[in-house]
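The values are calculated or read from the model by the stated rules, or taken from the named source; none is laboratory data. Note that the structure is a prediction, hence the values are computed from the model and not measured. In this analysis, Cβ positions are derived from the backbone assuming ideal geometry, glycine residues included, and neighbour counts consider all displayed protein chains. Heads up: the accessible areas ignore ligands, DNA and RNA and are worked out on the full protein's heavy atoms, side chains in. Shrake-Rupley method; radii C 1.70, N 1.55, O 1.52, S 1.80 Å.
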Amino acid sequence: MTPVTAPPSQTSSPVPVVGLRREREVLTVALATGRHVVIEGPPGTGKSTLLRSIARDAVQQVVFVEGNAELTPARLIGAYDPSQVLAEGYLPASFVDGPLLTAMRGGALLYLEELNRVPEETLNVLITVLTEGEIAVPRLGTVRAGPRFRLIAAMNPFDAVGTARVSQAIADRMCRVVLGYQDEAGEQAITASVSGVTGWVTDFAVSLTRATRTHRDVRMGSSVRGAIDLALVLTGLTELRGEVAPARETARDAAYAALSGRIRVADGVDRTAESVIDELLDRLWPEDAAAPPQPGDEPEAGSPGKA
């Protein structure tokens, strides 16, 4: 596995860090004092955005690795190149570092996504690293971590498919920072910043998205990414269809595209995500949304009717 590294100066950050001041402070201090941290929260709450921002401020490299069932110890640590071993034997130069050793040698932040999807066998590799700051690799020897090496793991507690409980041995060696969804004003700011759409369309997109999280028939609603997509698709469809302001049918088409794949209906409920969206649209769609502007009215900045 080739590690994906991103120096802070080259890492783009289109999403602002909004409403996470306390969590940012805790994470910053935990890393500065040598702690390893797991960031827990539902999708779209800014876990990776927060880490990228802190890494840029600290001018520190981040090594990203995706956690899944196929992340074996060899893919995390690294392995000898078979062709070089045949030609030269087990020399240090024949070893190809995985993301863990890359981060350890470089004193970087190792960002392990989806911690609770990683096999226990692979997680066990991290125990000595978290405790002693070193790892013994067969035939290679002991590799010690640079002084700024830290492990930052992220996990989503709401998606049980393909996940497992993280062992106490790992949890006991890490601090835990829990992120929740931002408040409505925060999500409006994020949606407007990322999409470039402002005005009532942004407010509507955020309101509809947030409503999916509290619906009685929904196990998991959409993250703020759904609001961003809804604002963009609704604005684009309105322009494509030549509407002065979006019709309700246009809003429905946009909401289906942006939100239906992100909604998880509760177990035992016999309905679709689309039917939930229809119900929420009936409740939240403004009656005057499609009213054409009156003569002399200036179109609102970022509104669907403005090119």
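Structure summary
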| read-out | value |
| --- | --- |
| Residues of the stretch 92-108 satisfying the condition of being in contact with a Phe, Trp or Tyr (Cβ under 8 Å, 6 or more places away or on another chain) and either farther than 22 Å from Ala55 by Cα or not in a helix (DSSP H, G or I) (or both) | Ser94, Phe95, Val96, Gly107, Ala108 |
| Near pairs, Cβ below 7 angstrom, 6+ apart or cross-chain, from the stretch 185-196 (in contact (Cβ under 8 Å) with a residue 12 or more places away in the chain) to any residue that is open to solvent by less than 10 Å² (accessible area, probe 1.4 Å) and of a type outside the set (A, V, I, L, M) | Gln188/Thr202; Thr191/Thr202; Ala192/Thr202 |
| Index of the failed condition, Val201 passing every other in (1) surrounded by 21 or more Cβ atoms within 10 Å (Cβ to Cβ); (2) of a type outside the set (Asp, Glu); (3) more than 20 Å from Val18 (Cβ to Cβ); (4) touching a residue at least 60 places away in the same chain (Cβ under 8 Å) | (3) |
| Every residue from the stretch 45-103 that is at pLDDT below 90, among the acidic types (Asp, Glu) and closer than 22 Å to Ile135 by Cα | none |
| Single residue of Glu121, Glu132 found to be of a type in the set (Asp, Glu), closer than 25 Å to Leu51 by Cα and surrounded by fewer than 19 Cβ atoms within 10 Å (Cβ to Cβ) | Glu132 |
| Residue in the stretch 41-56 that is more than 23 Å from Val194 (Cα to Cα) and in a loop (DSSP other than H, G, I, E, B) present | no |
| Candidate set: the stretch 238-250, residues that are part of a helix (DSSP H, G or I) and in contact (Cβ under 8 Å) with a residue 40 or more places away in the chain; chosen: the one most open to solvent (accessible area, probe 1.4 Å) | Glu239 |
